[in-house]
1. Using Cα positions and a limit of under 18 Å, work out the lysines in reach of LYS296, with same-chain residues fewer than 8 apart set aside.
2. Between the alpha-carbon centers of segment 582-632 and segment 81-147, tell me the distance in whole angstrom.
3. Can you list the HN-Hα couplings for segment 592-609, worked out from phi with the Karplus curve (6.51, -1.76, 1.60; θ = phi - 60°), rounded to whole Hz and with x for Gly and Pro?
4. What figure in square angstrom, to the nearest 10, would you give for the accessible area of LYS296 with a 1.4 Å probe?
5. Could you tell me how far the Cα centroid of segment 225-292 sits from the Cα centroid of segment 674-702, in Å?
6. Which of LYS40/LYS107; LYS560/LYS823; LYS796/LYS823; LYS107/LYS129; LYS750/LYS796 have a Cα-Cα distance over 25 Å?
7. Kindly state, to the nearest 0.05, the FRET efficiency for ASN715 paired with ARG132, given R0 = 25 Å and r defined as their beta-carbon distance.
8. Quote the accessible area belonging to TYR418 in square angstrom, nearest 10, computed with a 1.4 Å probe and with ligands, DNA and RNA left uncounted.
Amino acid sequence: MRSIYGFYLIVVICFGMYISTFCQEDSDEDITAIYIVTLKEAQTTTHYYNEMRSVNHSSKLGGYGKFDVHKRRFRNISKTDRRYGSYIARVHDSLLRRTFKGEKYLKLYSYHYLINGFAVFVTPVQADKLSRRREVANVVLDFSVRTATTHTPQFLGLPLGAWPQQGGYESAGEGIVIGFIDTGIDPNHPSFADDTSDSQYPVPHHFQGICEVTPDFPSGSCNRKLVGARHFAASAITRGIFNASQDYASPFDGDGHGTHTASVAAGNHGVPVIVSGHCFGNASGMAPRSHVAVYKALYKSFGGFAADVVAAIDQAAQDGVDIISLSITPNRRPPGIATFFNPIDMALLSAVKAGIFVVQAAGNTGPSPKSMSSFSPWIFTVGAASHDRIYSNSIVLGNNVTIQGVGLAPGTENDTMYTLVSAVHALNNDTTVTDDMYVGECQDSSNFNGDLVQGNLLICSYSIRFVLGISTIKQALETAKNLSALGVVFYMDPFVIGFQLNPVPMNMPGIIIPSPEDSKVLLQYYNSSLEKEGNKVVKFKATAKLCGGLTANFSNSAPKIMFYSARGPDPEDNSLDDADIMKPNLVAPGNFIWAAWSSAGADSVEFLGENFAMMSGTSMAAPHISGLAALIKQKYPSFSPSAIASALSTTASLYDRHGGPIMAQRAYANPDQNQSPATPFDMGSGFVNATAALNPGLIFDSSYDDYMSFLCGINGSAPVVRNFTGQDCWIYNSTINGPDLNLPSITLAKLNESRTVMRSVLNIADNETYSVGWSPPFGVSAKVSPSHFYIGSGQKQVLTIVLNATANNSVASFGRIGLFGNKGHVINIPLSVIVKTTYNSNTTTNS
């Protein structure tokens, strides 16, 4: 992972005469920082809260259009409203002038669509002045954020399942705009061309975004596929850490991450994946005919900051995107009375209020409990799972021992065995290990004797320096070529423990042995085969052959939850109290994902200059869901964000491709040797089932008012709610707790004797009769009523769930409720209970 600057970074470079007045060293009171300020006056979307947004989507409702599930979508902002935005900016300027009366300050952004506020660069004393203005609701210090496929469409069953329901891949996602808040995009990549099909892309008339024009993002970069592109970097520039030479002051992607995630969700169908001269199939996004809008707010050299991300979210909503996809997470758990109260999550709440479905990566901080980096119930949080395609190669030693490894590389020819020569035994007379302790990493061919290496397999070490990007596979391969080596074998330094390697492309025979234990086997065989005279090697007798790693293997048991995928329970606050909210919501493919790569993408040195890259992380899982959500939105244009979330959740799979339980890796080191059945805190509702999500039968719906009632139900939250939303909790007749939200899951951090929970479902299918079954968590008894019900098309049914603690227990336990329709619909509702307290508190069970 790249290093990210902390949120409290002190500005060390100042721009121009104006900002230079902020550079102070005298006292903490003079140290300037960026603050996000919200005002009490309502934002633009509130003025249109009761208006429907005019949408020019397909009228194909599949028989469900008469059920207006989504009643809270707003009209795109008009030209008049844009003038209103300018008016709000002038109001912000006036407030700042009146507050500071000649003092120096710098306003970075005016937010007016989702929130009414601004980002400003001031001293702590000036921030305090702002906080005491009667017009000001909240002042929050800016903080940093970070970034958290040829086969996955087949693994998810899209070609024969979801795509045919939308008319095939030629129309899957058409008319839906996905907004990506990421590191930008390479507009020249064929995954985002609009001329790859005989059928011309339609113009999404509900979208009103623009395409920035800069020298590295010239006019014509956008098209009917890539419909909008902007960048946001004011916070980073003000901090003095923006590097224009590598970060690009434009929507262009100098990292690679943004291009990758956008193509996973919405890349064109059938784009050849050619890396290092090898073809690995054809790529496709989940919704290949959907449109892409890019809001660049993260950068290669430093990550990103909340002020820029909030500006990007605000603009995406104003432009009219249907889905916001964030493969980013905060660098720290938000402070305050609840994790939900932070500028990004609250801006996303307003986006949901505007009818936008929001997807966020869970974070790569697993596998420990409470490692979740996406918190709020209105955000659809996605964890990472494997899929069934793996690339593996192997080395067969002269003693008939076979060692498995990784590397997208060809093998040696035929069954010929070739001599192994270690780099440390092939040094020229001017080089010693004493002079250069890292010489064994093969980074400089001038250090070696080519006569010893020519025609042989060169053994190089793989240390933490490769992980940090100081040494590279690409440079080692260049060294091997310069020395006329036949191939390269990398062994793992024993200090690199448990590091998982993505398969790396190699344009010559090669292998990386990722296991320190297997590396020892290789080195023991090699060293025992050397013929020496004193300390000098006179003959290399160890031999080996390499089996290629260019052909995919589809026999892997999958899916399984990857060790790095962040886990629940959802932390409610900085004290690590548990929230009554299940996180993650779902898991999707996130490991070894092929997708588009920027021509200048520098996030992975090994894929520099390539058109595609294989990456792993929850960053790759989230856009799978963004693309699948576009298919649901296309089929059900009236669905609210929570209805889309429900369709994805209730239809998720609980089993791997062999019919066994989905497993979760439990350790960073040797993860496949440390795994057990996944729980809802590992996988949420389960692994996404793309085909079933397009025919969910019943849905659970929640509104913006429900989320507000939930926030108001948090003890002591009323002033914080007012600060972030400008609304008073007293306008809501009653407040609710987390378990009372109408979510397709039930999570109780504390079950004190007994709790009754209600759920309401809406039938969007034909008339159907359902039977109800349940399996209670350990230490809990459960009853669901009614146990059978008939529900007509368009009707609602209320379910009453009574949970009773039967044992005193503080270990999380899990169960499920299943609704089984006589026409084939199956609704899955996970149950999670952490602390259980019975009537008889003298009896304690710790198992």
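The values are calculated or read from the model by the stated rules, or taken from the named source; none is laboratory data. Computed from a predicted model, the values in this text were never measured in an experiment. Don't worry about glycine lacking a Cβ; one is built from the backbone with ideal geometry, like all the others, and counts go over all protein chains shown. The accessibility values were calculated without ligands, DNA or RNA, using every heavy atom of the protein model including side chains. Shrake-Rupley method; radii C 1.70, N 1.55, O 1.52, S 1.80 Å.
1. LYS225
2. What the calculation gives is 35 Å, centre to centre.
3. Per-residue couplings from phi come out as 6, 9, 6, 6, 4, 9, 5, 4, 10, x, 10, 5, 10, 4, 5, 10, 4, x Hz.
4. 0
5. So the two Cα centres are separated by 28 Å.
6. Long pairs (Cα-Cα over 25 Å): LYS560/LYS823; LYS750/LYS796.
7. Once the sixth-power term is evaluated, E becomes 0.45.
8. About 40 Å², ignoring ligands and nucleic acids.
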